[in-house]
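Enquirer: Sharing a structure, written as C-alpha cells. Questions coming.
The values are calculated or read from the model by the stated rules, or taken from the named source; none is laboratory data. The shown structure was predicted, so the numbers you read here are calculated from the model rather than taken from an experiment. Cβ placement follows ideal geometry from the backbone for every residue including glycine, while neighbour counts extend to all protein chains displayed. These area figures cover heavy atoms from the full protein model, side chains too; ligands, DNA and RNA do not enter into them. Shrake-Rupley method; radii C 1.70, N 1.55, O 1.52, S 1.80 Å.
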Amino acid sequence: ADKAQLAKQLERKQADISNLENKLSAQEEKNQQLEVKLSDQEQKSQLTEQLKETVDNKEDKISKLIKQKQKLKEENNSLVEKLKQAEILQTRSQKLSKDFNSKEEIYKGLGYFHMIAGEINKAIHYYKKALSYSDSDKSIYYNLGYIYAERGNYKKATVYYKKALGGTASDKDIYYNLAVISSKYLKDDKAADKYYDKFLQY
C-alpha cells in the first residue's frame, strides 16, 4: 500500500514537473516574441529617427531654395527696373535728337535741364560746352549770369550778363540785374548809375 501511494505521488510530481516545463516553454516562447517585438520597435525607432533627419534635411533644402528664389526675384526686379530706366533714357535721347538739330542746342538743353534740377556744376559744364560750338546764343550767357549771381560770384555774373546784352527784350532785365549787382555787391556806384539809366530807357 505504501508502494502504491508513493508511485501515485511520484506520478503527480512528474505531472507537476511536466506542467512546469510546459509553462516554462510557453514563457520562453513569449519572451522570444517580446524580444522580436522590442527589436521591431528599435528598428522602427531608428527608422523614425532617420525619417525625421530626412524631413529636416528636406526642410533645410526647401528653405535654401526659397531664399535663392527670393534672391533671384529681387535680382530680376532690379534688372527690370534698370531696363525701364535704360528705355526712359533712350526715349529721352531720341527726343533730344528730334528736338535739337545741332550739338549746341543739345548741350544748351542739357544745361537748362540741370539748372532747373539744381545741379549747377553740370549746368555750367553743358552751357560752356554749348558755347564751344556757337558763342552767339545770348540766352546761354544770360543763364550763366543768373547761375553765377545765385552762387555769389558777382564778377563772373557781370561778365556773362554783359555778353547776354544784344538789343533783345531781355536787355531790360539784364541792365536791372547789373545795376543791383554793381550797387549792392560790387560797391561800384558809377557802374550802377550807368546800368540804371539804361534800364530806365526801356
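Enquirer: Is there a residue in segment 101-115 that is part of a helix (DSSP H, G or I) and modelled with pLDDT under 75?
Expert: Checked segment 101-115: no residue is part of a helix (DSSP H, G or I) and modelled with pLDDT under 75.
Enquirer: So for segment 87-99 (the condition being at pLDDT 75 or above, closer than 30 Å to Ser136 by Cβ and open to solvent by 100 Å² or more (accessible area, probe 1.4 Å)), does at least one residue qualify?
Expert: Checked against the condition, which is being at pLDDT 75 or above, closer than 30 Å to Ser136 by Cβ and open to solvent by 100 Å² or more (accessible area, probe 1.4 Å), segment 87-99 yields no hits at all.
Enquirer: So, one more: Here are Lys155, Lys187, Lys172, Lys122: which of them is without any contact (Cβ under 8 Å) to a residue 60 or more places away in the chain, surrounded by fewer than 16 Cβ atoms within 10 Å (Cβ to Cβ) and in a loop (DSSP other than H, G, I, E, B)?
Expert: Lys187
Enquirer: For segment 190-202, give me each residue that is part of a helix (DSSP H, G or I) and either touching a Phe, Trp or Tyr at 6+ places or on another chain (Cβ under 8 Å) or surrounded by 16 or more Cβ atoms within 10 Å (Cβ to Cβ) (or both).
Expert: Answer for segment 190-202, where residues must be part of a helix (DSSP H, G or I) and either touching a Phe, Trp or Tyr at 6+ places or on another chain (Cβ under 8 Å) or surrounded by 16 or more Cβ atoms within 10 Å (Cβ to Cβ) (or both): Ala191, Ala192, Tyr195, Tyr196, Lys198, Phe199.
Enquirer: Ok, one more. Going residue by residue through segment 142-150, is there one that turns out to be surrounded by 14 or more Cβ atoms within 10 Å (Cβ to Cβ), modelled with pLDDT under 90, part of a helix (DSSP H, G or I) and not basic (Lys, Arg)?
Expert: The answer is no; no qualifying residue exists.
Enquirer: Now for a different question. Give Leu47, Leu38 a once-over and let me know the one that is at pLDDT below 75 and open to solvent by 100 Å² or more (accessible area, probe 1.4 Å).
Expert: Selected residue: Leu47, the only one of Leu47, Leu38 that is at pLDDT below 75 and open to solvent by 100 Å² or more (accessible area, probe 1.4 Å).
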